[in-house]
Amino acid sequence: TGDGRYLIDGAVVDLKTREDITESARGSARLRAIDKIGEENMVVFDAPSSQHTITVFTDIDCGYCRKLHEQIGAYADEGISVRYLFFPRSGANSPSFDKAVSVWCADDRQEAMTRAKSGEKLPSKSCRNPVAEHMELGQLMGIRGTPAIVLDSGEMVPGYVEPKRLAALLEQKSAQN
């Protein structure tokens, strides 16, 4: 309100179309922010015949993040490319943060990610990396848990979604747009 006493916090919905205008605007903002990071600052697993690209905020030590990564081939089979941003839930200066940095600094990031997610201890490495920037973006987006999946529509889906179900969701979103 004008006097600063009241705040309205919630979705703005077009009652005629039933569209959540707030979520649509948030989705566009998410995509702009992710694009600003750039794929060169992500660990990317491209699907050979990619139809959709998701961006996943991940923690190497998260069980459901590991489950998602175990199925990276199944996502690719569904035409889904996966781009990873690091979001070590235990924060900076934690073992999870250090593992993310070691993956980033590895000669082969994809291989290192796969090895780390399978529980293998990687050699500790340090280099210039985007892990803190990824975490900051995740915090700005309100991420509280991992995996947090941002669809190619900009919509955020919290938690693990199995490949076939995610492919169906992506197709449904594409048909709506």
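The values are calculated or read from the model by the stated rules, or taken from the named source; none is laboratory data. Source: prediction; values computed, not measured. Backbone-built Cβ (ideal geometry, glycine too); neighbour counts: all protein chains shown. The accessibility values were calculated without ligands, DNA or RNA, using every heavy atom of the protein model including side chains. Shrake-Rupley method; radii C 1.70, N 1.55, O 1.52, S 1.80 Å.
Has the stretch 29-52 got any residue that is out of contact with any strand residue (DSSP E or B) (no Cβ under 8 Å at 6 or more places or on another chain), at pLDDT below 95 and more than 27 Å from GLU162 (Cβ to Cβ)?
yes
Please determine whether any residue of the stretch 65-87 is farther than 24 Å from LEU170 by Cα and free of Cβ contacts under 8 Å to residues at least 60 places away in the same chain. So that I can check it myself, show each step before the final result.
Taking the stretch 65-87 and keeping what is farther than 24 Å from LEU170 by Cα, we get none.
The answer is no; no qualifying residue exists.
Cβ contacts < 8 Å: first residue over 14 Å from GLU40 (Cα atoms), restricted to the stretch 99-112; second residue open to solvent by 10 Å² or more (accessible area, probe 1.4 Å) and of a type in the set (A, V, I, L, M, F, W, C), any location; separation 6+ or different chain. Result?
Within 8 Å, the pairs are LYS99/LEU122; VAL101/CYS127; SER102/LEU122; VAL103/LEU122; ALA106/LEU122; ALA112/ALA106; ALA112/LEU122.
Would it be correct to say that LYS125 is assigned to a helix (DSSP H, G or I), open to solvent by 60 Å² or more (accessible area, probe 1.4 Å) and either of a type outside the set (Gly, Ala, Ser) or touching a helix residue (DSSP H, G or I) at 6+ places or on another chain (Cβ under 6 Å) (or both)? Can you show your working first?
Working: assigned to a helix (DSSP H, G or I): no; open to solvent by 60 Å² or more (accessible area, probe 1.4 Å): yes; either of a type outside the set (Gly, Ala, Ser) or touching a helix residue (DSSP H, G or I) at 6+ places or on another chain (Cβ under 6 Å) (or both): yes.
Against the criterion (assigned to a helix (DSSP H, G or I), open to solvent by 60 Å² or more (accessible area, probe 1.4 Å) and either of a type outside the set (Gly, Ala, Ser) or touching a helix residue (DSSP H, G or I) at 6+ places or on another chain (Cβ under 6 Å) (or both)), LYS125 does not qualify.
How about the stretch 88-105: which of its residues are open to solvent by less than 20 Å² (accessible area, probe 1.4 Å), in contact with a helix residue (DSSP H, G or I) (Cβ under 6 Å, 6 or more places away or on another chain) and outside any helix (DSSP H, G or I)?
Matches in the stretch 88-105: PRO88 only.
Tell me, which residue of the stretch 129-156 that is buried (at least 16 other Cβ atoms within 10 Å of the Cβ) and free of Cβ contacts under 8 Å to residues at least 60 places away in the same chain is farthest from LYS67 (Cα to Cα)? Please lay out each step first, then the result.
Just the residues of the stretch 129-156 that are buried (at least 16 other Cβ atoms within 10 Å of the Cβ), to begin with: 129-131, 134-135, 137-138, 141, 143, 146-156.
Pick out the ones that are also free of Cβ contacts under 8 Å to residues at least 60 places away in the same chain and you get 129, 131, 135.
Details: ASN129: 25, VAL131: 21, MET135: 21 Å.
Result: ASN129.
Which of the residues belonging to the stretch 46-77 are aromatic (Phe, Trp, Tyr) and surrounded by 21 or more Cβ atoms within 10 Å (Cβ to Cβ)?
PHE57, TYR75
Restricting to the stretch 75-87, name every residue that is assigned to a helix (DSSP H, G or I) and either among the hydroxyl-bearing types (Ser, Thr, Tyr) or at pLDDT below 95 (or both).
Within the stretch 75-87, the first condition is being assigned to a helix (DSSP H, G or I), and the residues that meet it are 75-77.
Scanning the stretch 75-87 gives a single hit, TYR75.
Identify, from the list GLU23, GLU40, the residue that is part of a helix (DSSP H, G or I), closer than 27 Å to MET135 by Cβ and without any contact (Cβ under 8 Å) to a residue 40 or more places away in the chain.
On the way: GLU23 fails: without any contact (Cβ under 8 Å) to a residue 40 or more places away in the chain.
Step by step, each of GLU23, GLU40 is checked, and only GLU40 is part of a helix (DSSP H, G or I), closer than 27 Å to MET135 by Cβ and without any contact (Cβ under 8 Å) to a residue 40 or more places away in the chain.
Looking only at the stretch 159-177, how many residues end up being open to solvent by 50 Å² or more (accessible area, probe 1.4 Å) and either on the phi > 0 side of the Ramachandran plot or touching an Asp or Glu at 6+ places or on another chain (Cβ under 7 Å) (or both)?
Number satisfying all stated conditions: 1.
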